1. Condition test on residue 75, is it over 18 Å from residue 124 (Cα atoms), more than 21 Å from the chain's Cα centre (by Cα) and of a type outside the set (Ser, Thr, Tyr)?
2. Hey, any hits in the stretch 68-79 for a residue that's part of a strand (DSSP E or B) and not hydrophobic (A, V, I, L, M, F, W, C)?
3. Within the stretch 50-61, can one find any residue that is within 30 Å of residue 187 (Cα to Cα), modelled with pLDDT of 95 or more and surrounded by fewer than 18 Cβ atoms within 10 Å (Cβ to Cβ)?
4. Could you list all residues from the stretch 223-239 that are small (Gly, Ala, Ser) and either surrounded by 15 or more Cβ atoms within 10 Å (Cβ to Cβ) or within 18 Å of residue 213 (Cβ to Cβ) (or both)?
5. Of the conditions (1) out of contact with any His (no Cβ under 7 Å at 6 or more places or on another chain); (2) at pLDDT 95 or above; (3) among the acidic types (Asp, Glu), residue 134 fails just one. Which one is it?
6. Residue 42 passes all but one of (1) farther than 17 Å from residue 97 by Cβ; (2) of a type outside the set (Ser, Thr, Tyr); (3) surrounded by fewer than 16 Cβ atoms within 10 Å (Cβ to Cβ); which number fails?
7. Among the residues of the stretch 152-168, which ones are modelled with pLDDT under 95 and either part of a strand (DSSP E or B) or surrounded by 18 or more Cβ atoms within 10 Å (Cβ to Cβ) (or both)?
8. Would you point out the residue of the stretch 30-39, among those that are surrounded by 13 or more Cβ atoms within 10 Å (Cβ to Cβ) and not aromatic (Phe, Trp, Tyr), that is farthest from residue 104 (Cα to Cα)?
Amino acid sequence: MSKVGTPRVKAQRRITDETTSALRKYQNIVVGSNSLSFTIRFELITTLFAGVPGALGFWLRKRFFRSLFGSVGRGVVFGRNITLRHPRKISLGDGVVISDGCVLDAAGDHNHGIIIGRDVILGQNAMLRCKNGDISIGDKTGIGANSAFYAVDGNKIVVGSNALISPFVYVGGGQYHHDRTDIPIVEQGPDSRGGNVVGDNAWLGARVTAIDGAHIGRDTIVSAGSVVMTPLPDFAIASGVPARVIRFRKTLDLESSAS
């Protein structure tokens, strides 16, 4: 059955609604606040300081960017040309490093946004994007360059502490109903699987894809290029398309717990 008001339709209506002023559209889509004073501050800070190179740029962003966020811990480093959306719904712990070109997008009407723990490193061009979803990154986790996390349609992406996320990893996204053939898939509505969990100490190799609903256990390793479509248990080593467990890292412990 066709479902009116899919995320794509809602986004398009928000952009093209002729009854809403251009300023209000910009506030709704980018700033995340209808406050004129905050919008002006957002524009000034991002325009003046986002692209400043060198040590001066790091100092200016450290000094001024923190006022845009919901909360910012001590010692946070902001790289050049970071893209921010709805920054008031973004919280950063102590010692977070956000490299050049990262995207932090907490957009949504009913979500909580993005929470990043202590000593997390986001590699160059990494993207954390919410479309009415939530993302949480645990302490001391590293997100590799050009990786992308998409939390949509009420889903949550939860990454544990001390996780290793290699470059070009993709986690989340949306799935759609596709039973009907008389209308486009995009018009049939989202088929949410509840989001993703990446456990503590997990290691995802380069170009791993974990689709919506795929949970990866703690201390689990997923080899490069694998596609995770179903849950993977703790302490597993998995590989393939789709990813399957090839062995366990703690065989004796698993056998003793099963007996």
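The values are calculated or read from the model by the stated rules, or taken from the named source; none is laboratory data. What you see is a predicted model, and the numbers here were worked out from it, not measured in a lab. Cβ sites come from the backbone with ideal geometry, for glycine too, and all protein chains shown count toward neighbours.
1. yes
2. Scanning the stretch 68-79 turns up at least one residue that is part of a strand (DSSP E or B) and not hydrophobic (A, V, I, L, M, F, W, C).
3. Checking the stretch 50-61: not a single residue is within 30 Å of residue 187 (Cα to Cα), modelled with pLDDT of 95 or more and surrounded by fewer than 18 Cβ atoms within 10 Å (Cβ to Cβ).
4. Matches in the stretch 223-239: 223, 225, 226, 236, 238, 239.
5. It fails just one condition, (1).
6. Residue 42 satisfies all of (1) farther than 17 Å from residue 97 by Cβ; (2) of a type outside the set (Ser, Thr, Tyr); (3) surrounded by fewer than 16 Cβ atoms within 10 Å (Cβ to Cβ) except (3).
7. 152, 153, 155
8. Ranking the qualifying residues of the stretch 30-39, first place goes to 35.
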